[in-house]
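Engineer: Quick one: structure below, then a few questions.
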Amino acid sequence: LWINSLWLTSLVLSLTTTLIAVLTKQWINEYMILPSGNPRDRARIRHFRFIGLEQWHVPLIIGLLPILMHVALGVFLAGLVIFVCSLSTAMASALGCMTGTGALAYLVSNILPLFYTNCPYKTP
C-alpha cells in the first residue's frame, strides 16, 4: 500500500506537470499571435498581454514545472527502491546505490552554481 501510494503520487505529479506544461504552451501561443492594426496598436496589445503574463505569474509557473518533475522522479525512485527491497536485498542495494548516486549528482548540480558563477549546471 505504501509503495502504491508513492507510485500514484509520482504519476499524479507527472500528469499534473504535463497538463500545466500544455496549458502554459497554449498561453504563450496566445501571447505570440500578432494582432492586427498599425504598429503602435500591435505594440500596445503585445505589452498588455506581456503585463498579463507577468501579473498572473506565468514565468513562475513555468519555472515550477521542472521542480514538479524532479519531485515526481524522486518519489517514484523511492517507491522503486522500497519495492525492490522486498524482492532482493542485493538488487535493492544496487538500485539504492544508483539512485543515491543520481540524487548526489542532482544535489551537487544545484549547489555548485552557488559557489561558482560560471558553472553551467544551473537547475531550478
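The values are calculated or read from the model by the stated rules, or taken from the named source; none is laboratory data. This one's a predicted model, so the numbers in the text were calculated from it and none came from an experiment. All Cβ positions, even for glycine, are placed from backbone atoms using ideal geometry, and neighbour counts span all protein chains on display. Note: areas computed on protein heavy atoms with side chains; ligands, DNA, RNA excluded. Shrake-Rupley method; radii C 1.70, N 1.55, O 1.52, S 1.80 Å.
Engineer: Just need a number here: residues in region 1-12 that are assigned to a helix (DSSP H, G or I), open to solvent by 90 Å² or more (accessible area, probe 1.4 Å) and modelled with pLDDT under 95.
Structural biologist: Adding up the residues that qualify gives 1.
Engineer: Identify the residue in region 78-124 that is of a type outside the set (A, V, I, L, M, F, W, C), part of a helix (DSSP H, G or I) and open to solvent by 70 Å² or more (accessible area, probe 1.4 Å) and, among all such residues, is modelled with the highest pLDDT.
Structural biologist: Among those that are of a type outside the set (A, V, I, L, M, F, W, C), part of a helix (DSSP H, G or I) and open to solvent by 70 Å² or more (accessible area, probe 1.4 Å), it is THR101.
Engineer: May I ask you to verify whether ILE61 is of a type in the set (Val, Ile, Thr), farther than 27 Å from ASN110 by Cα and in a helix (DSSP H, G or I)?
Structural biologist: No.
Engineer: Could you say whether any residue in region 40-56 is touching a residue at least 60 places away in the same chain (Cβ under 8 Å) and of a type in the set (A, V, I, L, M, F, W, C)?
Structural biologist: No, region 40-56 contains no residue that is touching a residue at least 60 places away in the same chain (Cβ under 8 Å) and of a type in the set (A, V, I, L, M, F, W, C).
Engineer: Under 8 Å by Cβ, and 6 or more places apart or on different chains, what pairs join a residue from region 23-35 that is more than 12 Å from LEU53 (Cα to Cα) with one that is surrounded by 11 or more Cβ atoms within 10 Å (Cβ to Cβ)?
Structural biologist: Correct list of pairs: LEU34/ARG42; PRO35/ASP41; PRO35/ARG42; PRO35/ILE45; PRO35/ARG46.
Engineer: Here are VAL75, VAL71: which of them is modelled with pLDDT of 90 or more, closer than 21 Å to VAL12 by Cβ, open to solvent by less than 50 Å² (accessible area, probe 1.4 Å) and part of a helix (DSSP H, G or I)?
Structural biologist: Of the residues listed, the single one that is modelled with pLDDT of 90 or more, closer than 21 Å to VAL12 by Cβ, open to solvent by less than 50 Å² (accessible area, probe 1.4 Å) and part of a helix (DSSP H, G or I) is VAL75.
Engineer: Moving on. Read through the list (1) within 23 Å of THR99 (Cβ to Cβ); (2) under 13 Å from the mean Cα position of the chain (by Cα), then give the number of the only condition that ILE82 fails.
Structural biologist: (2)
Engineer: Hey, can you tell me all the residues within region 13-60 that are within 17 Å of the chain's Cα centre (by Cα) and open to solvent by less than 90 Å² (accessible area, probe 1.4 Å)?
Structural biologist: LEU13, SER14, THR16, THR17, THR18, ILE20, ALA21, VAL22, LEU23, THR24, VAL58, PRO59
Engineer: What is the one condition in (1) in contact with a Ser or Thr (Cβ under 7 Å, 6 or more places away or on another chain); (2) in contact (Cβ under 8 Å) with a residue 40 or more places away in the chain; (3) of a type outside the set (Phe, Trp, Tyr) that THR9 does not satisfy?
Structural biologist: So THR9 meets the others, but not (1).
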